[in-house]
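The following block contains the structure, expressed as structure tokens.
FYI, it's all coordinate maths here, none of it is from the lab. None of the values given here were measured: they were computed from a predicted structure. Because the Cβ atoms are built from the backbone with ideal geometry, glycine has one as well, and the counts that use them run over all protein chains shown.
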Amino acid sequence: MLEVTFTTILHFAVFAVEYMIPVFESFAKLSSNQQEGIKECLQYWVCVYLVDVFLFFVEPLYTQLVGNMDLIKLPFFVWFSSPNLQGYKKLYEKLITNYLIRYTNAINEYIQKGIDFVNKWLSKEKKEA
């Protein structure tokens with residue numbers, strides 16, 4: 001039988017606040033076809049992706065050293081996702097606007113260098129095969 005524990009409920013609450021509720025809000029904004037609403041949706045989901053990438057690396061270490069990270073994630077995602085608090089906008093302004101957009105050209109150059117390196121390597125492998 002499935003045992004429902006505090007950890008299970010907490011994990012589901014984090015999932016609901018991070019994904020489920022914003023999905024419904026995004027659907028409503030996208031259905032309205034208002035440019036500002038669509039922009040907010042895109043900003044939210046870009047920020048969620050960046051937070052999830054960060055957590056992918058941090059969460060296993062935190063869990064090993066301290067314990068259940070959901071105790072920190074729940075209040076963070078309430079702040080982040082709340083229509084009143086809109087923490088994602090603050091993160092978007094601080095991180096994306098100040099760093100990623102400012103360094104877009106440099107990032108694109110590094111991406112192109114990586115693509116060129118892979119293409120050279122693939123060409124070399126094809127010639128040797």
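Being farther than 14 Å from LEU50 by Cβ and assigned to a helix (DSSP H, G or I) is the requirement here; does PHE117 meet it?
Against the criterion (farther than 14 Å from LEU50 by Cβ and assigned to a helix (DSSP H, G or I)), PHE117 qualifies.
Could you tell me which of the residues ASN84, ASN68 is assigned to a loop (DSSP other than H, G, I, E, B) and surrounded by 12 or more Cβ atoms within 10 Å (Cβ to Cβ)?
ASN68
So for region 101-120 (the condition being of a type in the set (Phe, Trp, Tyr) and under 16 Å from the mean Cα position of the chain (by Cα)), does at least one residue qualify?
Checked region 101-120: no residue is of a type in the set (Phe, Trp, Tyr) and under 16 Å from the mean Cα position of the chain (by Cα).
Would you please name the residue that is surrounded by the fewest Cβ atoms within 10 Å (Cβ to Cβ), looking only at residues in region 1-39 that are of a type in the set (D, E, K, R) and free of Cβ contacts under 8 Å to residues at least 24 places away in the same chain?
So the residue we want is GLU3.
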